[in-house]
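Heads up: the structure comes next, in structure tokens.
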Amino acid sequence: MTKRRRTRILLGVTGSIAAYKAAEIARYFMKRGCVVRTVISESAEKFISSLTFESLTGQPVLRSFWEETKPGAIGHIALADWADGVVVAPASADCIAKAAHGFADSPLLAILLATRAPIVFAPAMNVNMFEHPQTQENIDTLRARGVTFVDPGSGSLACGWKGRGRLADASEVYSVTMRALGPHDLIGKRVLISTGPTREAIDPVRFISNRSSGKMGVALAREAYRRGATVTLVHGPLSPSPRLPTTIHRVSITSATELREEMLRRVEDSPDIVIMAAAVADYRPAQAASEKIKKSAARRAIELEANPDILVEIGERKGGSPKPFLVGFAVETGTPEELVEEVRRKLSRKNADLMVGNLAQDSFDKDTNRVCLVPRRGDTISTDTARKSAVARKIFDLIGDLTK
Ligand SMILES: Cc1cc2nc3c(=O)[nH]c(=O)nc-3n(C[C@H](O)[C@H](O)[C@H](O)COP(=O)(O)O)c2cc1C
């Protein structure tokens, strides 16, 4: 997969008690491949030193108009032009108010006027300051101009009050920023994804399941969200539970029967894209015991009955309609060549628009994957091993091409 230029994030830090969390936010973006530079307000420097950001990011921090370093260069304009995205976290009430009214009496405020990059504010303040009609009006003004806000969390605040105003988690600030940066090809689209294993009860303490981690479907959900979609993720037991953008609707299921019910009900709402990435158990015990089965005989047989094929059922409901664009996953254990053959067979049987094949040894419980993409119309594509996030990008790129 082609190597992309690293995303350039300009982090603006303002004078909130939550300023110390901006260091974690800088690290979070860097760990995910972004280059981070920082501009800090005079008040913010009372809470956290610019040295912290200089050390963490390895980049100089812009603190004042009057200390700009390179002779002849206008530092704040250069930074405004450099950034792919400007993230103000934490954003103080004061900064939000001044930005809404076009003030430019600090480097950060001037950058907010000068930049052509998407701007994201993550407010942090006392609940009454946040809910004050003036602050809300300022937020509305900025929103109307295309600025994105990361909703603050609720809970105990540093000031002693309880309520909305807590700086959002680094993961949420990151996800919302990446969505603001786009691409925006799935705006207005509804995407339904299933992922993870199912568990088929033998008795109240035992079950039959498989080694699926659900990471591929989680990566697909994140990617669909990043591209602007409204995303529902129906998932089996995931451990550890992934951090997902708060606006991804999560539905937790245990058995194949529950997954079937949830998926078929949601398919009725006619989503634009449905991806069945869940590793559904093919069989379940014919009879789940209501009490724990006691250890007695040396051998014991469990009678199994087949679970319904949910992808086939969704394919039948879709019939000849282009909507939903239906994507199925298949996992095999043979060679890559055998995988492609098997996936081709499944494609026609299941009425899918695209089948994604992967080998258990490449995929299960890994952060990377290697897949073959078999569309109903068009050539089969085999990818190299890459992070599941990159594979998810490739899958949505292909869906975009196939639905043009
Ligand atoms: C201890 C302390 C904590 C503060 N915490 C916040 C806060 O969480 N959110 C906020 O909007 N303002 C807070 N303020 C007020 C801002 O620091 C003040 O409005 C300042 O002018 C913001 O400037 P700036 O936006 O240029 O950084 C706090 C002030 C103090 C003294």
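Worth a mention:
- Measuring between alpha carbons in the structure, the pairs from K350/K388; K215/K292; K21/K46; K31/K98; K346/K388; K323/K366 lying more than 21 angstrom apart are K350/K388; K215/K292; K31/K98; K346/K388; K323/K366.
- Nearest 10 degrees, 0 to 90: helix 336-350 Cα axis against the chain principal axis: 80 degrees
- Helix-only [θ]222 nm of the chain, DSSP H runs n ≥ 4, -39500 (n - 2.57) each, per residue, nearest 500: -10000 deg cm²/dmol
- Pairwise label distance in nanometres, S239 with T333, each label 7 Å out on the Cα-Cβ vector: 2.2 nm
- In this entry, the range 8-181 is assigned a mean projected area of 9.0 nm², taken as a quarter of its C-alpha convex hull surface.
- Each peptide in 266-275, 166-175, 297-306 receives the mean, over its residues, of other Cβ atoms within 10 Å, and ordering these scores from highest gives 166-175, 266-275, 297-306.
- Toward the positive end of the charge dipole of the range 146-288, with +1 on the Cβ of Lys and Arg and -1 on the Cβ of Asp and Glu, the farthest Cα among A170, I187, P197 is that of A170.
- Solvent-free Debye scattering, log10 I(q)/I(0), computed from the Cα coordinates of the chain at q = 0.13 Å⁻¹: -1.07
- The calculated FRET efficiency for D397 paired with A73, based on their beta-carbon distance and R0 = 30 Å, is about 0.20.
- Only Cα sites of the range 316-366 enter the Debye sum here, all with the same form factor; the resulting log10 I(q)/I(0) across q = 0.17, 0.18 1/Å is -0.54, -0.59, listed in q order.
- 5 Å binning of all Cα-Cα separations within the range 284-404, expressed as whole percents from 0 upward: 2, 10, 17, 17, 16, 12, 8, 7, 6, 3, 1, 0, 0
- Backbone amide hydrogens, once placed in the peptide plane, bring V371 within less than 5 Å of T383, excluding anything fewer than 5 places away on its chain.
- Per-residue ³J(HN,Hα) for the range 296-309, Karplus 6.51 cos²θ - 1.76 cosθ + 1.60, θ = phi - 60°, Hz, x for Gly and Pro: 9, 5, 5, 10, 8, 9, 10, 7, 10, 10, 5, 7, x, 8
- Treating r as the C-beta distance of V205 and T246 and R0 as 30 Å, the FRET efficiency rounds to 0.35.
Any read-out appearing in this document is the output of simple, stated calculations on the displayed coordinates, not a laboratory observation. As the structure is a prediction and not an experimental result, all values here were calculated from the model. Here the Cβ is made from the backbone with ideal geometry for all residues, glycine too, and neighbour counts use every protein chain on show.
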